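> Before I ask anything, here is the structure I am working with.
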Amino acid sequence: MRGIAVVAGLLLGMGVLSAHCEIPCGIYHDELRFQMLEEHITTMEKSIDMIKKLNDKTDALSRNQLVRWINNKDKHATEFQHILWQYFLTQRIKPVSKKDAKKYRNYRELLELVHLMTFHAMKVKQTVDYDHTSSLRKLLNRFQDLYMETYGHKHKH
């Protein structure tokens, strides 16, 4: 019985670590990923709110909660980065030939946007500055618009 619990735990853990397969399975939910990215930004902002609220408190419970909110902020910034890298970069944004100037320009801009979002997510981990979450929102909106345009989907904010 103990062996079954260990195997079940490993299988459940594997699902948490892997956001999507790379078989390729052909099952993609771009809109879901964009919703998840938005939710991560909102959670980072909520975490920053709570960190600022708890920062001057010295009682043990408040200090404990402060650490938990810091960890939460960092976790969501990392998950945001992971979706960008593992889902979009490795599976959805395909390299294109330089011969098709428009597609190549879009490809390069998508790569640049992923890099900028990755940078700002890292800055969220290092700071409690709303400028970085604000930048993430703006960059994500541009990324989503360009991604949907490039891959034949319409998107409205």
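The values are calculated or read from the model by the stated rules, or taken from the named source; none is laboratory data. Not measured: the values here are computed from a predicted model. We place every Cβ from the backbone using ideal geometry, glycine too, and count neighbours over all the protein chains shown.
> When the residues of the range 110-123 are filtered to those that are over 12 Å from the mean Cα position of the chain (by Cα) and in contact (Cβ under 8 Å) with a residue 24 or more places away in the chain, which remaining residue is farthest from V67 (Cα to Cα)?
L110
> Could you say whether any residue in the range 81-93 is polar (S, T, N, Q), touching a helix residue (DSSP H, G or I) at 6+ places or on another chain (Cβ under 8 Å) and surrounded by 13 or more Cβ atoms within 10 Å (Cβ to Cβ)?
Our first condition is that a residue be polar (S, T, N, Q); within the range 81-93, this holds for 81, 86, 90-91.
Pick out the ones that are also touching a helix residue (DSSP H, G or I) at 6+ places or on another chain (Cβ under 8 Å) and you get 81.
With the extra rule that they be surrounded by 13 or more Cβ atoms within 10 Å (Cβ to Cβ), the set shrinks to 81.
The answer is yes; a qualifying residue exists.
> Okay, next question. Are any residues in the range 1-60 assigned to a helix (DSSP H, G or I), under 16 Å from the mean Cα position of the chain (by Cα) and at pLDDT below 50, and if so, which ones? Talk me through it step by step, then tell me what you get.
Within the range 1-60, the subset assigned to a helix (DSSP H, G or I) is 2-17, 30-54, 60.
Cutting the leftovers down to under 16 Å from the mean Cα position of the chain (by Cα) gives us 16-17, 30-47.
Those that are assigned to a helix (DSSP H, G or I), under 16 Å from the mean Cα position of the chain (by Cα) and at pLDDT below 50: V16, L17.
> Tell me, yes or no, whether the range 72-83 has at least one residue that is at pLDDT 95 or above and touching a Leu at 6+ places or on another chain (Cβ under 8 Å). Working first, answer last.
From the range 72-83, those at pLDDT 95 or above are 72-83; that's our starting set.
Imposing the further condition that a residue be touching a Leu at 6+ places or on another chain (Cβ under 8 Å) reduces the set to 80, 83.
Yes.
> Additional query: Return the only residue of H132, H82 being part of a helix (DSSP H, G or I), closer than 16 Å to H40 by Cα and touching a His at 6+ places or on another chain (Cβ under 7 Å).
None of the others qualify; the one that does is H132.
> Something else about it: When you go through Y87, Y130 one by one, which is the residue that is closer than 17 Å to F34 by Cα and either touching a Phe, Trp or Tyr at 6+ places or on another chain (Cβ under 9 Å) or touching a residue at least 40 places away in the same chain (Cβ under 8 Å) (or both)? So that I can check it myself, show each step before the final result.
On the way: Y130 fails: closer than 17 Å to F34 by Cα.
Going through Y87, Y130 in turn, just one is closer than 17 Å to F34 by Cα and either touching a Phe, Trp or Tyr at 6+ places or on another chain (Cβ under 9 Å) or touching a residue at least 40 places away in the same chain (Cβ under 8 Å) (or both): Y87.
> Another question about this same structure. Might you let me know whether the range 98-117 holds any residue that is under 30 Å from N55 (Cα atoms) and surrounded by 14 or more Cβ atoms within 10 Å (Cβ to Cβ)? Steps first, please.
Restricting attention to the range 98-117, the residues satisfying the condition of being under 30 Å from N55 (Cα atoms) are 116-117.
Narrowing the set further to residues that are surrounded by 14 or more Cβ atoms within 10 Å (Cβ to Cβ) leaves 116-117.
Yes, there is a match, as at least one residue in the range 98-117 is under 30 Å from N55 (Cα atoms) and surrounded by 14 or more Cβ atoms within 10 Å (Cβ to Cβ).
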